[in-house]
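**Q** Can you read through this structure? Questions will come right after.
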Amino acid sequence: MRKLNINGKEVQLDVPDDMPLLWALRDIAGLTGTKFGCGIAACGACTVHVDGKAVRSCVTPVAAVAGKNVTTIEAVEHDPVGRRVQHAWQQIDVVQCGYCQSGQIMAATALLKETPRPSDQQIDAAMAGNICRCGTYARIRAAIHQAAANGSKEPS
């Protein structure tokens, strides 16, 4: 049994220590918003936050997050920055197929928490490796800028 703090709740999961966090979240905890894309940390679809930092859950063993706070797309709206990012995503109409978007939103939220007013170059660097097969990169960047510009304003 492994105790994990997922989305603000302590949960006990009966999983091996070397199980990728992605599979513990999806298959054991039932949090399917985090997506499997490549399994080698190259696409970003599986991005979650571990103690506020964007982490690729497909290559992160469960043992590595013991005692840390894991946040998934299911709970990012409880963070004011995450809520602004999600609102901007809707306003800009970023999503096409949507498969990569949970990872994109998690990466963008982590960026804005660390760099509240990022430049295009900072956005490109932070979002590098988050692959969108539909090519919505310009809208992703615009949504990040919009979320940054909204600062402490609460989305309606």
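The values are calculated or read from the model by the stated rules, or taken from the named source; none is laboratory data. None of the values given here were measured: they were computed from a predicted structure. Note that we place each Cβ from the backbone using ideal geometry, even for glycine, and neighbour counts take in every protein chain shown.
**Q** Do the conditions hold for ARG56, that is, is it crowded, with 22+ Cβ neighbours inside 10 Å, in contact (Cβ under 8 Å) with a residue 60 or more places away in the chain and among the charged types (D, E, K, R)?
**A** Spelling it out, it is not the case that ARG56 is crowded, with 22+ Cβ neighbours inside 10 Å, in contact (Cβ under 8 Å) with a residue 60 or more places away in the chain and among the charged types (D, E, K, R).
**Q** Taking the condition of being out of contact with any strand residue (DSSP E or B) (no Cβ under 6 Å at 6 or more places or on another chain) and buried (at least 17 other Cβ atoms within 10 Å of the Cβ), how many residues in the stretch 37-47 meet it?
**A** Here the count works out to 4.
**Q** In addition: What number of residues within the stretch 117-138 are in contact with a helix residue (DSSP H, G or I) (Cβ under 8 Å, 6 or more places away or on another chain), part of a loop (DSSP other than H, G, I, E, B) and crowded, with 18+ Cβ neighbours inside 10 Å?
**A** 3
**Q** State whether the residues of the stretch 62-78 include one that is in a loop (DSSP other than H, G, I, E, B), surrounded by 15 or more Cβ atoms within 10 Å (Cβ to Cβ) and of a type in the set (Gly, Ala, Ser).
**A** yes
**Q** What single numbered condition from (1) touching a Lys or Arg at 6+ places or on another chain (Cβ under 6 Å); (2) assigned to a loop (DSSP other than H, G, I, E, B) fails to hold for VAL81?
**A** (2)
**Q** Within the stretch 15-27, can one find any residue that is out of contact with any Cys (no Cβ under 7 Å at 6 or more places or on another chain) and touching a residue at least 60 places away in the same chain (Cβ under 8 Å)?
**A** Checked against the condition, which is being out of contact with any Cys (no Cβ under 7 Å at 6 or more places or on another chain) and touching a residue at least 60 places away in the same chain (Cβ under 8 Å), the stretch 15-27 yields no hits at all.
**Q** If you don't mind, there's one more thing I want to ask. Would you confirm whether or not the stretch 92-109 contains a residue that is among the hydroxyl-bearing types (Ser, Thr, Tyr), surrounded by 15 or more Cβ atoms within 10 Å (Cβ to Cβ) and under 18 Å from ASN150 (Cα atoms)?
**A** yes
**Q** Read through the list (1) in contact (Cβ under 8 Å) with a residue 12 or more places away in the chain; (2) among the hydroxyl-bearing types (Ser, Thr, Tyr); (3) surrounded by fewer than 16 Cβ atoms within 10 Å (Cβ to Cβ), then give the number of the only condition that THR34 fails.
**A** Status for THR34: all satisfied but (3).
**Q** Name the residues in the stretch 100-116 that are part of a helix (DSSP H, G or I) and closer than 12 Å to ILE140 by Cβ, would you?
**A** Scanning the stretch 100-116 gives GLN101, GLY103, GLN104, ILE105, ALA107, ALA108, LEU111.
**Q** I would also like to ask the following. Please state which one of ARG117, ARG133 is outside the structural domain of CYS58 (by TED's automatic domain parsing), within 17 Å of GLY44 (Cα to Cα) and among the basic types (Lys, Arg).
**A** Among ARG117, ARG133, only ARG133 is outside the structural domain of CYS58 (by TED's automatic domain parsing), within 17 Å of GLY44 (Cα to Cα) and among the basic types (Lys, Arg).
**Q** Which residues, taken from the stretch 14-31, are out of contact with any Leu (no Cβ under 6 Å at 6 or more places or on another chain), hydrophobic (A, V, I, L, M, F, W, C) and either assigned to a loop (DSSP other than H, G, I, E, B) or surrounded by fewer than 16 Cβ atoms within 10 Å (Cβ to Cβ) (or both)?
**A** Result: VAL15, MET19, ALA29.
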